[in-house]
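Here's the structure, in structure tokens; my notes come after.
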Amino acid sequence: MADEPLVLGIETSCDETGVGIVRGHTLLADALASSVEEHARFGGVVPEVASRAHLEAIVPTMDRALREAGVTIADVDAIAVTSGPGLAGALLVGVAAAKGYAVAAEKPVYGVNHLAAHVAVDTLEHGPLPEPAIALLVSGGHSSLLRVDDLARDVVPLGATIDDAAGEAFDKVARLLGLPFPGGPYIDREARAGDPAAIAFPRGLTAAKDLAGHRYDFSFSGLKTAVARWVEARQRAGEPVPVADVAASFQEAVCDVLVGKAIDACRSSGIDTLVIGGGVAANSRLRAMAEQRAGKHGIRVRTPRPKLCTDNGAMVAALGSHLVAAGVAPSRLDLPADSALPLTVVSV
Ligand code: KG4
Ligand code: ZN
């Protein structure tokens, strides 16, 4: 509909330079430039390398998105940008660009929370989010369970990882198995040929004694160590490492905990919508297991298509569009790039 807001979103919190354009809940463009290959040989994202790559990519990516959507910056109703959390230098590039374009084109600017944007992107695929909803956010830097009472204003953290993020565990285990970075998609692929019940890896913070204080928290560091010990023992014995079985058993342990706690959060609060977002939400086993287990309890699972799960500009535009529609005031022009922006701050 032509009266819905046309919003451009800029994402630069990690290693993807993303510019997305939406009208209401309709995705018009999703341009992406990734520096992932420049980080691969270091086995993780190098902040300075990421910042420099954003600087080089931001203007061309912006131009590509506008061309793809068939609009000009003058047509846009608002510009949204990831204000945090993320890498400080990387965020700064996006925030500075958003301010520059906003001043030049005289547009309002919304500094938004990257994690809320991972939830909002689902509206591009499934329409408005029923509220309240439970959100499971699983990415390379975060693993959280949230209650979303109002996606524009009121997000309540229920729990989070106390050590590694889920994506980080995927990346570390992949490295251990000699798979490339980022490892999540490679583990996903290897696991298809493996037996998820081959090795009984630990499920962190699920024992009765842990549930008292950490019912909705996660811990993946013990799991990662258990996989490392198991692989080392094999290698020491001079036996081959069954990569597919290790990948499948590890993935099963992660998904089992994520899905179990997410469903517990839904059931205990009587909420029947579960939205899963963030890079790890692209995992095929997580998606299938969530569908299957949630279905038994009448819980509807919403997961954006895999390409929208990993970082992109469309998710920022989607949240921006939601904020405009909800009547939230734009940010001030001195809005910060805040690497530690709290989960509860949807827009700054
Ligand atoms: O959301 P995202 O693109 O960036 C952050 O905000 O961190 O998430 C990246 C993470 C990486 O750890 C990557 O390995 C993981 O998402 N990931 C996956 C899959 N695709 C990406 N993990 C498991 N299975 C996948 N298919
Ligand atoms: Zn992310």
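What follows draws every value from the coordinates through simple rules; no lab data is involved. Here the structure is a predicted model, which is why all the values come from computation and not from measurement. Virtual Cβ from ideal backbone geometry, glycine too; neighbours counted across all protein chains shown.
Contact order normalised by length for the stretch 79-141, with contacts defined as Cα pairs under 8 Å and 6 or more residues apart; what percent is it? Numbers along the way, then the final one.
Numbers: 51 pairs, mean separation 21.7, N = 63.
Value for the stretch 79-141: 35 percent.
Measure nothing but the geometry: give the 0 to 90° angle between the long axis through the Cα atoms of 88-105 and the longest principal axis through the Cα atoms of the chain, rounded to 10°.
That helix lies at roughly 20 degrees to the long axis.
With respect to the cross-link table entries LYS224/LYS296; LYS172/LYS209; LYS261/LYS296; LYS107/LYS307, which display a Cα-Cα separation exceeding 25 Å?
Values: LYS224/LYS296 30 Å; LYS172/LYS209 27 Å; LYS261/LYS296 15 Å; LYS107/LYS307 28 Å.
Result: LYS224/LYS296; LYS172/LYS209; LYS107/LYS307 exceed 25 Å.
Relative contact order for the stretch 194-348: what percent, with Cα pairs under 8 Å and sequence separation of 6 or more? Intermediate values should be presented prior to the final figure.
Numbers: 143 pairs, mean separation 30.6, N = 155.
Worked out over the stretch 194-348, it gives 20 percent.
What is the sum of charges around TYR186, taking Lys and Arg as +1, Asp and Glu as -1, for the other residues whose C-beta is under 14 Å from the C-beta of TYR186? Walk me through the intermediate numbers first.
Numbers: positive: LYS172, ARG175, ARG189, ARG192, ARG285; negative: ASP171, ASP188, GLU190.
It works out to a net charge of +2.
Helix-only estimate, please: 222 nm mean residue ellipticity of the chain, summing -39500 (n - 2.57) across DSSP H runs of length 4 or more and dividing by its residues, to the nearest 500.
Numbers: 13 runs with 155 residues, N = 348.
Result for the chain: -14000 deg cm²/dmol, rounded to the nearest 500.
Based on a Kirkwood Rh over C-alpha pairs, give the Stokes-Einstein translational diffusion coefficient of the chain at 25 °C and viscosity 0.890 mPa s in µm²/s. Don't skip to the end; give the middle numbers.
Details: Rh = 20.4 Å.
This corresponds to a translational diffusion coefficient of 120 µm²/s.
Could you rank the peptides 330-337, 93-100, 82-89, 111-118 by their average count of other C-beta atoms within 10 Å per residue, with the highest value first? Could the numbers behind the result be given before it?
On the way: 330-337: 16.2, 93-100: 21.8, 82-89: 23.2, 111-118: 29.1.
Highest-to-lowest ranking by the protection proxy: 111-118, 82-89, 93-100, 330-337.
Determine the percent antiparallel among the DSSP beta bridges restricted to the chain, to the nearest 5. Walk me through the intermediate numbers first.
Values: 27 of 44 bridges.
Around 60 percent of the beta bridges assigned by DSSP in the chain are antiparallel ones.
Debye calculation, C-alpha points only, no solvent: report log10 I(q)/I(0) for the stretch 219-348 at q = 0.13 Å⁻¹, in the same order as the q values.
Log10 of I(q)/I(0), two decimals: -0.78.
For the stretch 286-348 and the stretch 194-244, compute the distance between their C-alpha centroids and round to whole Å.
30 Å
What is the angle, in °, between the Cα long axis of helix 243-269 and the longest principal axis of the Cα atoms in the chain? Nearest 10 is fine, range 0 to 90.
Result, in degrees: 60.
Got the relative contact order for the chain handy, in percent, Cα pairs under 8 Å and 6 or more residues apart? Please list the in-between numbers first.
On the way: 807 pairs, mean separation 93.7, N = 348.
Once divided by the residue count of the chain, the mean separation gives 27 percent.
With viscosity set to 1.567 mPa s and temperature to 4 °C, compute the Stokes-Einstein D of the stretch 1-159, Rh being the Kirkwood radius across alpha carbon pairs; µm²/s, no decimals. Working shown, then result.
On the way: Rh = 16.3 Å.
Taking Rh from Cα pairs, D becomes 79 µm²/s.
Just want the ordering: GLU168, GLU232, from fewest to most Cβ atoms lying within 10 Å of their own Cβ.
Values: GLU168 24, GLU232 12.
Fewest-to-most ranking of GLU168, GLU232: GLU232, GLU168.
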